[in-house]
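First up is the structure itself, then whatever we jot down about it.
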Amino acid sequence: MAAQSVAILGGGHMGRALISGLLRRGIRPEGIRVAELSPEARASLTRDFAVSAGENARDAITDAAVIVIAVK
C-alpha cells in the first residue's frame, strides 16, 4: 500500500482496532496520527503501536489523506 497519512479521532477500543488493522495492511506507524483526550490512552497508543498520539484533533487531521472518527 502506498504511503498515506491517516488521522483517527478517538483512541479507545474502536480506534485501537482500526490502528491494528491499518498496521497489518502495511500502513506505517509514522503515517498514523491519533487524537485522544486521555493522557493514559495516548501513552498506551504510542507505546503499543508507535503511532503519534496527541490531544488536539486539528493537529491530527492536518494534511491527513484519510480521517476516521472513532468515537461513540
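In table form, for the structure just shown:
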quantity	calculated
Dipole moment magnitude, nearest 20 debye, the chain about Cα centre, only Lys, Arg, Asp, Glu C-beta charged	240
Accessible surface of the chain, 1.4 Å probe, proportion on carbon and sulfur as whole %	56
Label zone at residue 65 (point 7 Å along Cα-to-Cβ), backbone N below 16 Å, region 1-42	1-8, 22-33
For region 1-47, projected area of the alpha-carbon convex hull averaged over all directions, nm²	3.0
Where the chain is the region considered: accessible area per residue in Å², 1.4 Å probe	64
Percentage relative contact order, the chain, counting C-alpha pairs under 8 Å, at least six apart	44
Sum of -39500 (n - 2.57) over DSSP H runs of 4+, divided by residues of the chain (222 nm, nearest 500)	-11000 deg cm²/dmol
Gain in span if fully extended, residue 56 to residue 13, counting 0.36 nm per residue against the direct Cα distance	13.6 nm
Under 12 Å, Cβ to Cβ, from residue 57 - net charge with Lys/Arg +1 and Asp/Glu -1	-1
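The values are calculated or read from the model by the stated rules, or taken from the named source; none is laboratory data. These numbers come from a predicted model, not from an experiment. Cβ: placed from backbone, ideal geometry, glycine included. Neighbour counts: every protein chain shown. Surface areas here come from the heavy atoms of the whole protein model, side chains and all, with no ligands, DNA or RNA. Shrake-Rupley method; radii C 1.70, N 1.55, O 1.52, S 1.80 Å.
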